[in-house]
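Novice: Questions regarding the structure given below will be posed in turn.
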Amino acid sequence: MNAEGRDRLDRMPQWQALARHREELGEVHLRDLFAADPGRAERYTVRVGDLYLDYSKNLVTDETLRLLRELAGAAGVAGLRDAMFRGERINTTEDRAVLHTALRAPRDAVVEVDGENVVPAVHAVLDRMSAFAEAVRSGKWAGHTGRPVRAVVNIGIGGSDLGPAMAYEALRAYTDRKLDVRFVSNVDGSDLHEALQGLDPAETLFVVASKTFTTIETITNATSAKDWLLSGLGAGKEAVAKHFVALSTNAEAVEAFGIDTTNMFEFWDWVGGRYSYDSAIGLSLMIAIGPDRFREMLDGFRTVDEHFRTAPPEENAPLLLGLLGIWYGSFFDAQSHAVLPYSHYLSKFTAYLQQLDMESNGKSVDRQGEPVAWQTGPVVWGTPGTNGQHAYFQLLHQGTRLVPADLIGFARPVPGLSPELAGQHDLLMANLFAQGQALAFGKTAEEVRAEGVAEEQVPHRTFRGNRPTTTILASGLTPSVLGQLVALYEHKVFVQGAVWDIDSFDQWGVELGKVLAKRVEPALTEGAEVEGLDASTAALVARYRDLRGR
Ligand code: F6P
């Protein structure tokens, strides 16, 4: 029993009941589950907003689902969820509230942190962002030489890059095509070098996105961008004001960098980096799609927030997805989870989810600091489905590992495609449906033989099937639907962290590498003696300097 009166997860009777249930299920096959229950395809579905989830191709029965929900009940998921929405400091290791849901709260909502309603401040920033985005889009915002902005370069990394970059790609069909929006994240100078190709400093706006405004990659790139701008314009520091804006929680550091804080759009420490693209961090996206569509996206987020907060457990989509992941991770030894969007516009979606999920739930001690005795977050991976089919799907179908997957697709192509290209959409979606079917039901040896295949070839052409997928289908990839999808995964990650009893909102695991990089750098640049370098790293540094000609 821990300080919160909660049993260790693996000692809970509900966990043990699941373990027994797993043994009873044995090698059950999806073919048998479907054969035994003609209503399964209809019953194992849930709707949230515009999303339709079919989870019938998962290795679960009514009993599995009941036991998983009981586990969530015993683990206190609903209580922690309500505490999050109330603004309690559930990020205990950083002593912070976790309130990304307040970023999409309606104007008249009241969400308090330390007795103060944060919603008015959220809307004040949204209003300022809207006015600024409109000014840029309409050409009213002029650069130092009086010319309008034609290119926006977002400089940020992690949550200050992946979210806006993913959403920009996802909503490209809704963007103003006259504006060239680019994203720079890597401290590798070639990233900025490529992003600046063909840009005219007089028409370029840099959006420096960093919650802390101390992240070395971002500050280094922003400094180089400032040099490029000033030398390109042949101007002094006064030109910065018209070409640089900052998105941050740290006004002091923004000012120290040389950006006027009147050109800063703020957010707050209760917004985690990986949960931040619907805050000021979304400014580049808002400039691209316009404030109205940005707000439509926020409405989409809110729809799923409300669902997560109020839907009963049987119909609660994030709860369900979270529990399915726990089921596979701990009772089927699944190591990873694939997210496979059948939409080219979602090409960055899985990369975005990698940070959301793996930075949140890649933990191995519980909230009390005790080592956990169960699996936590999976390796999340994937690329747009059809491309994946011709790369790694072989392993999904016939490999030795179980890889549960989400297949995401849309009934309608995005607006703006020619009739011919829109006509390809059915073929795209036929692939999604075919893959779900093949993964679940496979192809038996008998079926292969019936095709006249030579006996020695039969094992190679047999598909065992029984590979679980959840299909997420929506009418179209609109700003609102994107918000719904992201919130669905945000809350799925929340559910898993709550059951695993870990702090899903800190990220201490990325600190050590940052500290060591700072320590090692002088060894590379000046050949300085660096204390505490292990023998392998010291030898690598020496070889690097040699190759570099130093
Ligand atoms: O990778 C660690 C991290 O702190 C992420 O959580 C965050 O999204 C990213 O760095 C960028 O941080 P910042 O927005 O403060 O520059």
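Novice: Could you go through segment 332-345 and let me know if any residue there is in contact with a Ser or Thr (Cβ under 8 Å, 6 or more places away or on another chain) and under 30 Å from residue 5 (Cβ atoms).
Specialist: No, there is no match, as no residue in segment 332-345 is in contact with a Ser or Thr (Cβ under 8 Å, 6 or more places away or on another chain) and under 30 Å from residue 5 (Cβ atoms).
Novice: In the list 214, 249, which residue meets the criterion of being without any contact (Cβ under 8 Å) to a residue 60 or more places away in the chain and farther than 22 Å from residue 186 by Cβ?
Specialist: That would be 249, the only listed residue that is without any contact (Cβ under 8 Å) to a residue 60 or more places away in the chain and farther than 22 Å from residue 186 by Cβ.
Novice: Residue check: is residue 336 surrounded by fewer than 24 Cβ atoms within 10 Å (Cβ to Cβ), in contact (Cβ under 8 Å) with a residue 40 or more places away in the chain and touching a strand residue (DSSP E or B) at 6+ places or on another chain (Cβ under 7 Å)?
Specialist: Yes.
Novice: Another one. Do we have any residue at all in segment 344-359 that's within 27 Å of residue 400 (Cα to Cα), open to solvent by 20 Å² or more (accessible area, probe 1.4 Å) and without any contact (Cβ under 8 Å) to a residue 24 or more places away in the chain?
Specialist: Yes, there is a match, as at least one residue in segment 344-359 is within 27 Å of residue 400 (Cα to Cα), open to solvent by 20 Å² or more (accessible area, probe 1.4 Å) and without any contact (Cβ under 8 Å) to a residue 24 or more places away in the chain.
Novice: Pick from 507, 437: which is within 28 Å of residue 274 (Cα to Cα), of a type outside the set (A, V, I, L, M, F, W, C) and modelled with pLDDT of 95 or more?
Specialist: Within the list 507, 437, the selection yields 507.
Novice: Starting from residues that are part of a loop (DSSP other than H, G, I, E, B) and within 16 Å of the ligand (Cβ to nearest atom), keep the ones in segment 214-240 and report whichever is farthest from residue 517 (Cα to Cα).
Specialist: 214
Novice: Find the residue count for segment 248-271, including only residues that are in a helix (DSSP H, G or I) and of a type in the set (Asp, Glu).
Specialist: 2
Novice: Shifting gears a bit: Using the structure shown, decide if residue 453 is in contact with a Phe, Trp or Tyr (Cβ under 9 Å, 6 or more places away or on another chain) and either over 17 Å from residue 409 (Cα atoms) or open to solvent by less than 10 Å² (accessible area, probe 1.4 Å) (or both).
Specialist: no
Novice: Can you tell me how many residues within segment 415-442 are surrounded by 15 or more Cβ atoms within 10 Å (Cβ to Cβ), over 20 Å from residue 41 (Cβ atoms) and not hydrophobic (A, V, I, L, M, F, W, C)?
Specialist: Count: 1.
Novice: Could you pull out every one of the helices (runs of 4 or more DSSP H) wholly within segment 432-550 that has 1 or more residues that are within 30 Å of residue 30 (Cα to Cα) and within 16 Å of the ligand (Cβ to nearest atom)?
Specialist: The qualifying helices (runs of 4 or more DSSP H) are 479-500.
Novice: Residues to consider are 240, 207; find the one that is free of Cβ contacts under 8 Å to residues at least 60 places away in the same chain, open to solvent by less than 30 Å² (accessible area, probe 1.4 Å) and in contact with a Leu (Cβ under 9 Å, 6 or more places away or on another chain).
Specialist: Testing whether each residue is free of Cβ contacts under 8 Å to residues at least 60 places away in the same chain, open to solvent by less than 30 Å² (accessible area, probe 1.4 Å) and in contact with a Leu (Cβ under 9 Å, 6 or more places away or on another chain) leaves just 240.
Novice: Out of segment 79-100, which residues are touching a residue at least 24 places away in the same chain (Cβ under 8 Å) and hydrophobic (A, V, I, L, M, F, W, C)?
Specialist: Hits for segment 79-100 are 80, 84, 85, 90, 97, 98, 99.
Novice: Does residue 375 satisfy being in contact (Cβ under 8 Å) with a residue 40 or more places away in the chain, at negative phi and open to solvent by 40 Å² or more (accessible area, probe 1.4 Å)?
Specialist: yes
Novice: Within the group 181, 153, 149, which residue is in contact with a His (Cβ under 9 Å, 6 or more places away or on another chain) and open to solvent by less than 20 Å² (accessible area, probe 1.4 Å)?
Specialist: Being in contact with a His (Cβ under 9 Å, 6 or more places away or on another chain) and open to solvent by less than 20 Å² (accessible area, probe 1.4 Å) holds for just one of 181, 153, 149, which is 149.
Novice: Another one. Where residues in segment 272-321 are of a type in the set (Gly, Ala, Ser), part of a helix (DSSP H, G or I) and open to solvent by less than 10 Å² (accessible area, probe 1.4 Å), which of them is nearest to the ligand (Cβ to nearest atom)?
Specialist: Filtering segment 272-321 for residues that are of a type in the set (Gly, Ala, Ser), part of a helix (DSSP H, G or I) and open to solvent by less than 10 Å² (accessible area, probe 1.4 Å), the one nearest to the ligand (Cβ to nearest atom) comes out as 280.
Novice: So, one more: Determine which single condition residue 546 fails, assuming it passes every other condition in (1) open to solvent by 50 Å² or more (accessible area, probe 1.4 Å); (2) within 28 Å of residue 157 (Cα to Cα).
Specialist: The one condition residue 546 does not meet is (2).
Novice: Applying the selection to segment 3-55, what residues are in a loop (DSSP other than H, G, I, E, B) and farther than 28 Å from residue 310 by Cβ?
Specialist: 3, 8, 26, 27, 28, 29, 37, 38
Novice: Has segment 245-260 got at least one residue that is within 13 Å of the ligand (Cβ to nearest atom), closer than 30 Å to residue 498 by Cβ and open to solvent by 10 Å² or more (accessible area, probe 1.4 Å)?
Specialist: yes
The values are calculated or read from the model by the stated rules, or taken from the named source; none is laboratory data. Note that the structure is predicted; figures quoted are calculated from it, not measured. For neighbour counting, all protein chains shown are included, and Cβ atoms are generated from backbone atoms with ideal geometry for every residue, glycine included. Remember, those area values only see protein heavy atoms, side chains included, never the ligands or the DNA or RNA. Shrake-Rupley method; radii C 1.70, N 1.55, O 1.52, S 1.80 Å.
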